[in-house]
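Participant: One structure, as structure tokens, below. Some questions next.
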Amino acid sequence: DDSLVYLIDADVLALINNRQDARNIYTGLISMARAIRVRTVRQTFDELRKFGPVFKLLKQHREAFEIPAKRQFDSRVQEFIEILGNEAPTLWEQTGGRNPDPADPWIVAVAAAYHYTVVTNESPRSPVRIPAACRLPKIDCRCIRGPHFLIEVGLVTEIKPETIEPASFFHKSQ
């Protein structure tokens, strides 16, 4: 579906680098970002700095990936940030207070405001992570994991059943 826009989390962008086909996937993601099919928030790029090679590769395409500030800080997004503050405060606590402006709440709020699909490798079983926040009744936005996303958009065409979990899917095969 060409109308789908995906809002991608830093963990997915970083782990792609572990795959043998990483270069091709990143090239595809950059094309999708230019076509406004893949987006992320400013805070995600800040988090990518921890992943040196990935940040180095993607930083020159930051403008294509990053949702424009006026859209990220729109009043509708602010309303969802407030809901998340009340109903999913753990999204801020995940960083242990090290990051006063983490990406997670912004990813969920922007996705909810614009009906984007969130892409994260965080466990859908955890009650305190992005997928749980996406399922909140007042948020209700689609959330998929990295492997699902890469298959759905055709950047990966074959998936082995044993690599369905993100940790295995993104593991460098020898």
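The values are calculated or read from the model by the stated rules, or taken from the named source; none is laboratory data. Predicted model, so just to flag it, every value in this text is computed and none were measured. We place every Cβ from the backbone using ideal geometry, glycine too, and count neighbours over all the protein chains shown. Side chains included, ligands, DNA and RNA excluded: accessible areas come from the protein's heavy atoms. Shrake-Rupley method; radii C 1.70, N 1.55, O 1.52, S 1.80 Å.
Participant: How large, in percent, is the carbon and sulfur part of the accessible surface of the chain at a probe radius of 1.4 Å?
Facilitator: The C+S portion of the solvent-accessible surface of the chain is 51 percent.
Participant: Find the relative contact order for the chain and round it to a whole percent, using C-alpha pairs within less than 8 Å whose residues are 6+ positions apart.
Facilitator: It comes to 26 percent, rounded to a whole number.
Participant: Another one. Can I get the semi-axes of the range 1-95's equivalent ellipsoid? Compute them from the C-alpha gyration tensor as square roots of 5 times the eigenvalues, in angstrom, largest first.
Facilitator: Gyration-tensor ellipsoid for the range 1-95: 25, 17, 12 Å.
Participant: Which value, in Å², gives the accessible area per residue of the chain when a 1.4 Å probe is used on the protein heavy atoms?
Facilitator: Heavy-atom SASA per residue in the chain reads 52 Å².
Participant: Specify the residue with the greatest mean-square fluctuation among GLY28, GLY52, GLY146, computed from a Gaussian network of the chain linking alpha-carbon atoms under 10 Å apart.
Facilitator: GLY52
Participant: Could you give the nm distance between label points at ARG23 and GLU152, where each point is 7 Å from its Cα heading toward the beta carbon?
Facilitator: With each label point 7 Å from Cα toward Cβ, the separation is 2.9 nm.
Participant: Turning to a different aspect of this structure: Let me check against my output: what whole-number percent is the relative contact order of the range 31-101, with C-alpha pairs under 8 Å and at least 6 apart?
Facilitator: Working: 31 pairs, mean separation 21.8, N = 71.
In percent, rounded to a whole number, it is 31.
Participant: Farthest toward the dipole's positive end in the range 50-147, which of GLY52, LEU136, PHE80, given Cβ charges of +1 (Lys, Arg) and -1 (Asp, Glu) about the Cα centre?
Facilitator: Most positive-ward Cα: GLY52.
Participant: Using a basic spin-label model with each label point 7 Å from the Cα along Cα→Cβ, how many nm lie between ASP140 and ARG62?
Facilitator: 3.7 nm
Participant: Test of understanding: what is the full-extension gain from GLU93 to LYS70, defined as 0.36 nm times their sequence separation minus their Cα-Cα distance?
Facilitator: Separation in residues times 0.36 nm, less the Cα-Cα distance, equals 5.7 nm.
Participant: Calculate for the chain the 222 nm mean residue ellipticity that helices alone would give, adding -39,500 (n - 2.57) per DSSP H run of length 4 or more and normalising by residue count, nearest 500 deg cm²/dmol.
Facilitator: The helix contribution divided over the chain gives -12500 deg cm²/dmol.
Participant: Also, I was wondering about something else. Who wins for biggest fluctuation among VAL54, VAL38, VAL119 in a Gaussian network model of the chain, springs between alpha carbons below 10 Å?
Facilitator: Largest GNM mean-square fluctuation: VAL54.
Participant: Give the average over all directions of the projected area of the C-alpha convex hull of the chain, one decimal, in nm². Spell out each step's value before the answer.
Facilitator: Working: hull surface 39.6 nm².
Projected area, direction-averaged: 9.9 nm².
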